[in-house]
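Here is the structure we will look at, set down as structure tokens.
The values are calculated or read from the model by the stated rules, or taken from the named source; none is laboratory data. In this text, all values refer to a predicted model and were calculated from it rather than measured experimentally. Please note: Cβ atoms are built from the backbone with ideal geometry, for glycine as well, and neighbour counts cover all protein chains shown. Remember, those area values only see protein heavy atoms, side chains included, never the ligands or the DNA or RNA. Shrake-Rupley method; radii C 1.70, N 1.55, O 1.52, S 1.80 Å.
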Amino acid sequence: MYDFRNASGLMQPGAGITLTHFSAVSQFTRPAMAQDMTLLWGSGSPPCWRVMIALEEKNLQGYNQKLLSFEKGEHKSAEVMAMNPRGQLPSFKHKDFVLNESYAACMYLATQFKSQGSQLIPDCPAEQAMMYQRMFEGLTLNQKMADVIYYSWKVPEAERHDSAVKRNGETLTAELKLWEDYLKKSPFLAGKKFSLADVLVYPSVAYLFRYQLCEERYPKLAAYYNSLKDRASIKTSWPPTWLETPDTSAMLKNL
């Protein structure tokens, strides 16, 4: 199985820009808490994007950061390996605490800065239970999406099997129908308010539509995707390579 949880997969070509301070907040006005944070990330990676959305939601702009290129192998650099011996992105550090798994980093930010910025963990037990359920179901969505996309990317055409392509597509289609049903009940994944579940799952949903998932075939997912595109935390951290290089593969168009 492919490890979709880190950005060693699902990256975008040409992510070679290096930015030390991506946020518009200057290093002289950024919050003291953000000065203690460092994020090494890659554009087009849903795991990296999750952490960036969480930081924005918690008003932790102005953290130290560097955009690295997967294409150039910069995620295997000494700088990354020193923080993350797996050689994967994101690599996130707060003070002396290192959290390289995107779910771990986002949960840490949501709890350590609970009273700052947006409330990402609901007080209501029912909504909190739903939030955790959808969060971790998001990993299943990631895996099934990766099985479709990675198969085309990583398996040479001569070695591909039509049966595997068909099976992976059918499995992802069934998964997407579940999420369509979930979104019939509320505008967000855990109820009426934006939560940590949305922070963690939205980048994967956006990834689906990046590869031209049919909006007419999945109207609830499409409505969810489009309704959050202009949310400040998402718009501000939108992957720059997605803006620069539109998808031409239409890999999910017929799903």
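I want to confirm something. Restricting to segment 80-120 and keeping residues that are within 20 Å of G44 (Cα to Cα) and aromatic (F, W, Y), which single residue is surrounded by the most Cβ atoms within 10 Å (Cβ to Cβ)?
Per the stated criteria, the residue is F92.
Closer than 22 Å to P46 by Cβ, touching a residue at least 12 places away in the same chain (Cβ under 8 Å), open to solvent by 20 Å² or more (accessible area, probe 1.4 Å) and not in a loop (DSSP other than H, G, I, E, B): does that describe S152?
So S152 fits the description; yes.
Do you know which residues across segment 126-149 are surrounded by fewer than 21 Cβ atoms within 10 Å (Cβ to Cβ) and in contact with a Ser or Thr (Cβ under 6 Å, 6 or more places away or on another chain)?
K144 - this is the single residue of segment 126-149 that is surrounded by fewer than 21 Cβ atoms within 10 Å (Cβ to Cβ) and in contact with a Ser or Thr (Cβ under 6 Å, 6 or more places away or on another chain).
What number of residues in segment 48-67 are open to solvent by 10 Å² or more (accessible area, probe 1.4 Å) and at positive phi?
Of the residues in that region, 1 qualify.
Considering only residues that are under 13 Å from S249 (Cβ atoms) and open to solvent by 30 Å² or more (accessible area, probe 1.4 Å), which ones fall in segment 211-221?
Q212
Can you list residue pairs whose Cβ atoms sit under 6 Å apart, with the first residue in segment 75-97 being in contact (Cβ under 8 Å) with a residue 60 or more places away in the chain and the second being among the polar types (S, T, N, Q) and open to solvent by 20 Å² or more (accessible area, probe 1.4 Å)? Count only pairs 6 or more apart in sequence or on different chains.
Listed pairs, sorted by first residue: Q88/S8.
Would you point out which residue out of P246, P219 is at pLDDT 95 or above and over 14 Å from the mean Cα position of the chain (by Cα)?
P219
Go through (1) under 18 Å from P46 (Cβ atoms); (2) surrounded by 15 or more Cβ atoms within 10 Å (Cβ to Cβ) one by one and return the number of the condition K193 breaks.
K193 satisfies every listed condition except (1).
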